[in-house]
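Accompanying notes for the structure given below.
Please treat every number below as a calculation from the coordinates, not as lab data. The structure presented is a predicted model; accordingly, all values stated were derived computationally and were not measured. In this analysis, Cβ positions are derived from the backbone assuming ideal geometry, glycine residues included, and neighbour counts consider all displayed protein chains.
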Amino acid sequence: MQHLITTNDVVILSRGMSVHVDESKISVYLREAENIDIKSALGDALFIDIRNNPEKYSLLMDGGMYETKCSEKKLFAGLKTTLAYYTYARIIKNGDGNVTRYGYFNKEDEFGSRPDFKEKLMAYNDAFDIAAKYMQECLEFLSANKDTYPLFKKGRVRANGNSYKIVGE
């Protein structure tokens, strides 16, 4: 099964990680992020169509600028960056690495220090909150362009245990 982004996209579009994080682990967290966070926010029909026809959704995937019906210009990060941050948050939460100002580094030997739980939780919450904010921007874009994206049904955005239903318009 093909993902919406690659494991390399996770490294590039999020805060970055050392190259020592196992690609198979990134792939597992990527699959979880797609199925739990992205699919529930977009709805199954739109998610499946994006997976089958990614070229049709280039603005949604890559982000950019759009104009609302009230002629207000808005920017959004896009679904790729959103998914990368949801995946990165899971890597931080479940991994055995350290979060530094240079990115996420996996412990490589017995002399490496284990991350402080409080520090790890703060880093996870921060990454997950960024992902949720980016997801909110994507959903606002979809709501503003309902005619272009008829498969979109208002979904839910999770933010650190809370679930928010998207309403409006």
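Taking other C-beta atoms within 10 angstrom as a stand-in for reagent exposure, Tyr149, Tyr85, Tyr134 fall in the order Tyr149, Tyr134, Tyr85, fewest first. Measuring between alpha carbons in the structure, the pairs from Lys93/Lys146; Lys56/Lys93; Lys74/Lys154; Lys25/Lys118; Lys73/Lys120 lying more than 26 angstrom apart are Lys93/Lys146; Lys56/Lys93; Lys73/Lys120.
When each of Asp22, Asp129, Asp49 is scored by the number of other beta-carbon atoms lying within 10 Å, the sequence from fewest to most is Asp22, Asp129, Asp49. Sorting Asp9, Asp62 from the fewest to the most surrounding beta carbons within 10 angstrom yields Asp62, Asp9. Shape of region 40-87 from its Cα gyration tensor (a ≥ b ≥ c, root eigenvalues): rounded if a/c is under 1.5, otherwise prolate when a/b > b/c, or oblate? It comes out prolate by the Cα gyration axes. On full extension, the segment bounded by Glu67 and Lys153 gains 28.9 nm, given 0.36 nm per residue less the C-alpha separation. Stretching Asn35 away from Lys93 to a fully extended chain increases their span by 19.1 nm, per 0.36 nm per residue minus the current alpha-carbon distance.
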